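Rule-based calculations on the coordinates, nothing more; no lab input. As the structure is a prediction and not an experimental result, all values here were calculated from the model. Backbone-built Cβ (ideal geometry, glycine too); neighbour counts: all protein chains shown.
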């Protein structure tokens, strides 16, 4: 049975809301230079802690930087990390989960024990420790988060592949002499499509949150503009009114991104899970 | 004793007989079979000395009759050897009475003695004496044939050559004629030239298969007909109408061409190798049979030795061995759970065996390589599932080429195989997805993709059991046609013995992981040995309204 997943997401109000939020934030991040005349790293000539005005929509911070500009560029970091981790960790999940299922045997057992081991490790602590030691930039953050994130996905992919590889068209491909890469790319991954997208959204959500958290704890490249870091700096001036246009917007932006991703993911899962579909359909017919 | 050594005959430089060696003792009846144009009649005529331009030797009791002058020849003809010509209608003169025509053939007797001899002869061929007064147009075809035989027997020759003695006779007349000829043939050297294999089988002890002026196979008639060993002999048998063979008729691809280099049959042969195009194979003794083939006759393509596989405590396949010859269909018949599919999957390499070996063209097969899958392909029970639902027809058919990195020309090759399976090779059909195809179309696409690599062996696992009857019939026809054209060897797995009967040359019945009975399909069907086989046959679909008893 074919399910049109795009329709599934856009057909529900939650899914639509999620997509709109993510689309909006992405648009803002991409067109950041058009929306602000300032450089996020440079100080402006306006004095510190100025209130929102026509020149500075969200005022300025303690070092005379334009907060709106930093909010826009912060979205870039969040989305880049989210997207990067989603792609990289899903890639690892498919590669390892998929090949483990196709090859089976000792190879499978070995990788599944590795997966168990990584899942057993409390990832936040590992990241804090490793990141403190390496003082990572954005790329390293993506790599670190991906390396700790793929095992969950790998389990799902392995389970799905085990069932897909028993399909007759996979047997047929094997009897043409197909290599594992052909089977994975042409026969398994296309059928995993929606699951992969759901996984990527999950991964992205977790990564955006983790990046903000790490930045908030100060574990990141100081030159990197991030919502987490904005909140960390703003927190020091919580007794001034500045939190309203410094701390709050960053918090709201982060929350919106997470909500947008969650809603999209949720509506996609509703489409994927036959039980949830049924509930929805019967509710609709009532 | 008639011996023929390296007999060559050419008409206008065109070789019709290209070196025939034969040896016939007294009392021996030899059939020379082959298609029209193979040189059967020419062989008869040259023995009779009716042809110029023969070279080699024809020795009758040690005397080379090819070197005799016309006068000496004439003495031998009729007295020592006689021929019954084909075309009964033309062989008798319409204006003379039958008795006169027979009398003409009698050389030694005169007067009343001759008249009495004519009556004896007529009686000996089963005609009443009164028939002698008839003119040819008053006789039926069978009666004319009898008259011709009477003429041939007039001088009690030691060599009798029968050229298509039963052609154009109806079945009952034919049966009577065969009986007569069998009596006549006693204590004579008889050579029967015919394309009618059933008649030849009844009439003769030995059979020689003539192709483009060469003998390609020779042996005891019964053996040769049961297990033909030369691809041409098998082709002839498959295209011969008879009540024994249960498989559908199949022809031989191409047509006979005289005077080509190498093995005369190589252009039509499906197991030819490079050597066949250059060298003429000599007739050699191969296991009690004389075969002229560089490959020693039909080659064993797939050999399975003692193959075993367990699933837990279940012995799915428990020591199975069989040999599958090139261009042949072996049906594996058995109920669900008898291990047929497991066996097929072990052959193709989808399941690893616990023990035993699989040999392909003599080489043991271990790890399945891409090269192996160029030669062995499989089609499945459910065609729609065997094609990825994300691939359209073209992508599905091209997939094997993509897997094998076949490079360019994929589209052309895909079109060719699609046309081979009688599907459109272009237009909107190529863009259809499996769920848009009918069951029959989908199975044709599945067959096309199995054929695109040009395999020698096709493993067909219940290829038609998911299709309805009329579509099933068409798919089976298609498979038989493909077998004829490409020399495809098939391992055909089915639970339906009625189906197996129609498509297979040989049949193996499986029960609980073992082959309990194996043999030529007609023998298994008509005289099953194992109780289980008998039950399968009793419960097989037929159109009577009696219930099977067991």
For residue A:87 and residue A:256, extending 7 Å from Cα along the Cα-Cβ vector and measuring point to point gives, in nm, a value of 2.5
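Would you mind calculating the gained length between residue B:435 and residue B:50 on full extension (0.36 nm times residue separation, minus the Cα-Cα distance), in nm to one decimal? Show your work: numbers first, answer last.
Numbers: separation 385, 0.36 × 385 = 138.60 nm, distance 6.82 nm.
Taking 0.36 nm per residue and subtracting the Cα distance, the gain is 131.8 nm.
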Given labels modelled 7 Å from the Cα in the Cβ direction, how far is it in nm from residue B:335 to residue B:93?
7.4
The helix B:171-185 Cα axis meets the longest alpha-carbon principal axis of chain B at an angle in degrees, between 0 and 90 and rounded to 10, of 60
I'd like the distance separating the alpha-carbon centroids of the range B:20-68 and the range B:122-200, in whole Å.
20
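Mind checking the alpha-carbon convex hull of the range B:73-185 and giving the volume per residue in Å³?
Values: hull volume 10.9 nm³, N = 113.
With only Cα atoms used, the range B:73-185 gives 96 Å³ per residue.
Which whole number gives the average count of other chain Cβ atoms within 10 Å of the Cβ atoms across peptide B:64-70? Show your work: numbers first, answer last.
On the way: counts 0, 0, 0, 0, 0, 0, 0.
Taking all residues of B:64-70 together, the mean is 0.
How many percent of DSSP beta bridges within chain B run antiparallel, rounded to 5? Kindly include the intermediate steps, with their values, before the conclusion.
Details: 49 of 86 bridges.
Around 55 percent antiparallel, to the nearest 5.
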What length, rounded to one decimal in nm, is gained on full extension from residue B:168 through to residue B:72, with 0.36 nm per residue of separation minus their alpha-carbon distance?
31.1 nm
Given the -39500 (n - 2.57) contribution per DSSP H run of 4+ residues, what per-residue ellipticity at 222 nm results for the protein assembly as shown, rounded to the nearest 500 deg cm²/dmol?
-14000 deg cm²/dmol
Can you work out the FRET efficiency for the pair residue B:261 and residue B:205, with r the C-beta to C-beta distance and R0 = 45 Å, to the nearest 0.05?
0.85
Extend 7 Å from the Cα of residue A:48 along its Cα-to-C-beta direction; within the range A:242-261, residues with backbone N under 16 Å of that point are A:242-243, A:246-247
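Evaluate the relative contact order of chain A (contact order divided by residue number), counting alpha-carbon pairs under 8 angstrom at least 6 apart; express in whole percent.
Values: 366 pairs, mean separation 79.7, N = 286.
Computed over chain A, the figure is 28 percent.
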Based on the alpha-carbon gyration tensor of the range B:1-158 and its eigenvalue square roots a ≥ b ≥ c, which shape applies: rounded if a/c is under 1.5, prolate if not and a/b is larger than b/c, or oblate?
prolate
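What is the mean number of Cβ atoms from other protein chains located within 10 Å of the Cβ atom of each residue in peptide A:162-173, rounded to a whole number? Please list the in-between numbers first.
Details: counts 0, 0, 0, 0, 0, 4, 11, 13, 2, 7, 16, 6.
Mean number of neighbouring Cβ atoms from other chains: 5.
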Averaged across A:176-182, how many Cβ atoms of other chains sit within 10 Å of each residue's Cβ atom?
6
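Taking a quarter of the surface of the convex hull around the Cα atoms of the protein assembly as shown, what do you get in nm²?
Values: hull surface 210.8 nm².
Here the figure is 52.7 nm², rounded to one decimal.
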Tell me, how many Å apart are the Cα centres for the range B:399-458 and for the range B:241-289?
29
Acute angle (nearest 10 degrees) that the helix B:141-153 long axis makes with the longest principal axis of chain B, alpha-carbon atoms:
60
Roughly how tilted is helix B:439-451, in degrees to the nearest 10 and between 0 and 90, from the longest Cα axis of chain B?
80
How big is the range B:300-538 on each of its three principal axes, counting only the C-alpha atoms and giving the largest first in Å?
53, 39, 34
What FRET efficiency comes out for residue B:514 versus residue A:182 if R0 is 25 angstrom and r is the Cβ-Cβ distance? Round to the nearest 0.05.
0.10
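Can you tell me the order of B:318-324, B:398-404 when each peptide is scored by its average per-residue count of other Cβ atoms within 10 angstrom, highest first?
Numbers: B:318-324: 17.9, B:398-404: 21.1.
Highest to lowest by the protection proxy: B:398-404, B:318-324.
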Once label points are set 7 Å from the Cα along Cα→Cβ at both residue A:55 and residue B:249, what is their separation, rounded to one decimal in nm?
10.2
Express in nm, to one decimal, how much length is gained between residue A:41 and residue A:223 on full extension, taking 0.36 nm for each residue of separation and deducting their alpha carbon distance.
64.7 nm
Based on the Kirkwood radius over alpha-carbon pairs, what value in µm²/s does the Stokes-Einstein equation return for the translational diffusion coefficient of the range B:92-156 at 20 °C and 1.002 mPa s?
189
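Output the antiparallel fraction of DSSP beta bridges having both residues in the range B:300-538, as a percent to the nearest 5.
Details: 23 of 41 bridges.
Antiparallel bridges make up about 55 percent of those DSSP assigns within the range B:300-538.
What area, in nm² and to one decimal, does the C-alpha convex hull of the range B:464-516 cast on average over all directions?
Working: hull surface 16.5 nm².
Directional mean of the projected Cα hull area for the range B:464-516 stands at 4.1 nm².
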Distance in Å, no decimals, from the C-alpha centre of the range A:17-92 to the one of the range B:320-394 is 61
Ordering of A:171-184, B:473-486 by burial proxy (mean other Cβ atoms within 10 Å per residue, highest first):
A:171-184, B:473-486
Calculated FRET efficiency, residue B:104 and residue B:352, Cβ-Cβ r, R0 60 Å, to nearest 0.05?
0.15
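Dividing the alpha-carbon Rg of chain A by 2.2 N^0.38 Å yields what?
On the way: Rg = 22.2 Å, N = 286, 2.2 N^0.38 = 18.9 Å.
Scaled against compact globular proteins, the figure is 1.18.
Can you give the % of DSSP beta bridges in the protein assembly as shown that are antiparallel, to the nearest 5? List each step's numbers first, then the result.
Values: 50 of 87 bridges.
Restricted to the protein assembly as shown, the bridges split so that about 55 percent are antiparallel.
If I take every Cα pair under 8 Å that is 6 or more residues apart in chain B, average their sequence separation and divide by the length, what percent do I get for the relative contact order? Spell out each step's value before the answer.
On the way: 1068 pairs, mean separation 70.2, N = 550.
With pairs under 8 Å counted, the relative contact order is 13 percent.
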Per the C-alpha gyration tensor (a ≥ b ≥ c, the square roots of its eigenvalues), chain B is rounded if a/c is under 1.5, else prolate if a/b beats b/c, else oblate; here it's prolate
Per 10 angstrom bin, beginning at 0 and ending with the bin that holds the maximum distance, the Cα pairs of the range A:71-226 fall in percents of 11, 36, 28, 17, 7, 1
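Would the range A:1-131 count as rounded, prolate or oblate if I go by the C-alpha gyration tensor, calling it rounded below 1.5 in a/c and otherwise prolate when a/b exceeds b/c, oblate otherwise?
oblate
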